[in-house]
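Have a look at the structure below before the remarks.
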Amino acid sequence: MSKPIYVLSGPNLNLLGVREPEIYGKETLDDVRALCEARATSLGRSLVFRQSNHEGQLVDWIQEARTEACALVINPAAYGHTSIALLDALKMLDIPIIECHLSNPAAREAFRRETYVSLVATGLVSGFGSASYELAVEAAAGKAR
Ligand code: DQA
């Protein structure tokens with residue numbers, strides 16, 4: 001059995017469904033998890049799906065993914081725009097990294113137009129709501145060894 005795809009989500013995404021639904025959609029993070037699990041299963045892959053509001057926790061999980069994951073899907077949320085710590089952790093990975101956003105940050109405020117994660121991401125999926133996660137899982141499965 002190959003290693004799982006890690007799907008990590010950053011701050012405030014625990015409140016999906018309640019948080020600015022006109023931007024992020026009405027589905028909850030549990031709904032997104034179910035979509036990701038179904039897509040992974042259909043592709044013969046397993047998933048580890050986690051969310052944290054804490055930068056250091058995300059760094060720990062990225063480090064864990066270095067040895068335990070076949071690929072990483074990450075929605076860094078606001079930390080994508082601010083966190084050199086996440087970037088430095090991601091730089092140590094030798095697996096595909098798929099950056100994922102529910103909205104299209106490039107079409108929003110100027111401070112959202114760039115992320116540190118993009119510097120090291122294999123590819124980026126954004127703007128499709130919860131489907132961004134499903135597409136990112138599919139891309140991760142396709143790129144994983
Ligand atoms: C987000 C976009 C970020 O700019 C924002 O800070 C988020 C969510 C998205 O999924 O669209 O928290 O990553």
- [ ] Can you give me the number of residues within the stretch 111-145 that are among the basic types (Lys, Arg) and open to solvent by less than 40 Å² (accessible area, probe 1.4 Å)?
- [x] 0
Open item on the list: Restricting to the stretch 80-105, and then to whatever is more than 21 Å from Ala40 (Cα to Cα) and near the ligand (Cβ under 10 Å from one of its atoms), can you tell me which residue is most open to solvent (accessible area, probe 1.4 Å)?
Closed with: Thr82
TODO: Go through (1) assigned to a helix (DSSP H, G or I); (2) free of Cβ contacts under 8 Å to residues at least 40 places away in the same chain one by one and return the number of the condition Lys26 breaks.
DONE: (1)
Open item on the list: So, in the stretch 52-74, exactly how many residues are in contact (Cβ under 8 Å) with a residue 12 or more places away in the chain, out of contact with any Phe, Trp or Tyr (no Cβ under 9 Å at 6 or more places or on another chain) and part of a helix (DSSP H, G or I)?
Closed with: 4
Open item on the list: Going through Gly142, Gly129, Gly44, Gly56 one at a time, which residue ends up being near the ligand (Cβ under 10 Å from one of its atoms), modelled with pLDDT of 95 or more and of a type outside the set (Asp, Glu)?
Closed with: Gly129
- [ ] Report, ordered by the first and then the second residue, all pairs with beta carbons closer than 8 Å, sequence separation of six or more or different chains, a first member in the stretch 111-132 that is acidic (Asp, Glu), and a second member that is modelled with pLDDT of 95 or more and within 9 Å of the ligand (Cβ to nearest atom).
- [x] Glu114/His81
- [ ] Filter the stretch 80-99 down to residues that are outside any loop (DSSP other than H, G, I, E, B) and closer than 22 Å to Gly142 by Cβ and give me whichever is farthest from the chain's Cα centre (by Cα).
- [x] Leu90
TODO: Name the single residue, out of those in the stretch 17-41 being on the phi > 0 side of the Ramachandran plot and surrounded by 13 or more Cβ atoms within 10 Å (Cβ to Cβ), that is nearest to the ligand (Cβ to nearest atom).
DONE: Gly25
Open item on the list: Any residue at all in the stretch 39-47 that's part of a strand (DSSP E or B) and of a type in the set (A, V, I, L, M, F, W, C)?
Closed with: yes
- [ ] Assess whether Ala77 counts as being within 13 Å of the ligand (Cβ to nearest atom) and either assigned to a helix (DSSP H, G or I) or of a type in the set (Gly, Ala, Ser) (or both).
- [x] yes
TODO: Quickly run through the stretch 42-79 and pick out the residues that are surrounded by fewer than 22 Cβ atoms within 10 Å (Cβ to Cβ) and among the hydroxyl-bearing types (Ser, Thr, Tyr).
DONE: Ser42, Ser46, Ser52, Thr67
- [ ] Scan (1) at pLDDT below 95; (2) among the charged types (D, E, K, R); (3) within 21 Å of Pro21 (Cα to Cα) for the single condition Glu109 breaks and write down its number.
- [x] (1)
- [ ] Hey, can you tell me all the residues within the stretch 1-16 that are surrounded by fewer than 18 Cβ atoms within 10 Å (Cβ to Cβ) and either away from the ligand (no atom under 13 Å from the Cβ) or at pLDDT below 95 (or both)?
- [x] Met1, Ser2, Lys3
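The values are calculated or read from the model by the stated rules, or taken from the named source; none is laboratory data. Source: prediction; values computed, not measured. Ideal geometry is used to build each Cβ from the backbone, glycine not excepted, and the neighbour counts take in all protein chains shown. Just the protein is used for accessible areas: all its heavy atoms, side chains included, with ligands, DNA and RNA removed. Shrake-Rupley method; radii C 1.70, N 1.55, O 1.52, S 1.80 Å.
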